């Protein structure tokens, strides 16, 4: 069986070498890349005071809405490895990001283990069965949250550190299983939903092994990149 397959298994079929889709995915080498520009960062505007009634040129709507946030952040703590900060792109993949955020808020990922690791390819987790089944069990890679989300095309690419949704052959079968790219994988672009990227702790993804546990995943109110250490004189 080709180890670079991203689907979730159905029934009692053995788990493929890599479920970026719930087992039974089409060969990754057959996927093709799409190219688009990256999303923009939102800038929050301060509403202006209303203009005089006779000054139409300066009038602004009284009920002007503040622009919606375009990113959200999740901190995922991997036992004995450290913290990953994941930036979700709410503009390019709003439904997929919302699904992931809701699962994090519900504590769904707490205690779940990474059941697939393929060097120079991806690490994968999100099957709730990994909390109880032993690693290598044929049913691992087939579980989900009980809710599927529709395929959501986006401009985001399979770059190192990108996070995407695993699925079965049905494009609308993604649920809770996710994968993180260990290197650029342009052959997957357009075939799986990328909805964010690791912005801090990316060195940790190379240390993840099968059976490693997600101790805790939480939504952050805000995140700022660490300042680089001042160069020594």
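The values are calculated or read from the model by the stated rules, or taken from the named source; none is laboratory data. These figures come from a predicted structure and were not determined experimentally. Methodologically, a virtual Cβ is constructed for each residue, glycine included, from the backbone with ideal geometry; neighbour enumeration extends over all protein chains shown.
Annotations for the structure displayed:
- Exclusive hit being within 21 Å of residue 166 (Cβ to Cβ), at pLDDT 95 or above and assigned to a helix (DSSP H, G or I), set 194, 205, 210: 205
- Number of positions in the stretch 160-196 that are free of Cβ contacts under 8 Å to residues at least 40 places away in the same chain and closer than 19 Å to residue 88 by Cβ: 1
- Scope the stretch 107-149; condition part of a strand (DSSP E or B) and in contact with a strand residue (DSSP E or B) (Cβ under 7 Å, 6 or more places away or on another chain); matching residues: 113, 116, 117, 122, 123, 124, 125, 149
- Within the stretch 125-139, residues that are in contact (Cβ under 8 Å) with a residue 60 or more places away in the chain reach partners that are in a loop (DSSP other than H, G, I, E, B) and surrounded by fewer than 18 Cβ atoms within 10 Å (Cβ to Cβ) with beta carbons closer than 7 Å, at six or more positions or on different chains, in the pairs 135/210; 135/211; 138/12; 138/14; 139/12; 139/133.
- Per the listing 147, 120, the residue uniquely modelled with pLDDT of 95 or more, surrounded by fewer than 19 Cβ atoms within 10 Å (Cβ to Cβ) and touching a helix residue (DSSP H, G or I) at 6+ places or on another chain (Cβ under 8 Å) is 147.
- Selection status of residue 157, in a loop (DSSP other than H, G, I, E, B), out of contact with any helix residue (DSSP H, G or I) (no Cβ under 6 Å at 6 or more places or on another chain), touching a residue at least 12 places away in the same chain (Cβ under 8 Å) and under 19 Å from residue 83 (Cα atoms): no
- Among the residues listed as 98, 45, 29, the single one being farther than 17 Å from residue 161 by Cα, modelled with pLDDT under 50 and not in a loop (DSSP other than H, G, I, E, B): 29
- If the condition is being surrounded by fewer than 20 Cβ atoms within 10 Å (Cβ to Cβ) and within 15 Å of residue 99 (Cβ to Cβ), then the stretch 172-199 contributes only 172.
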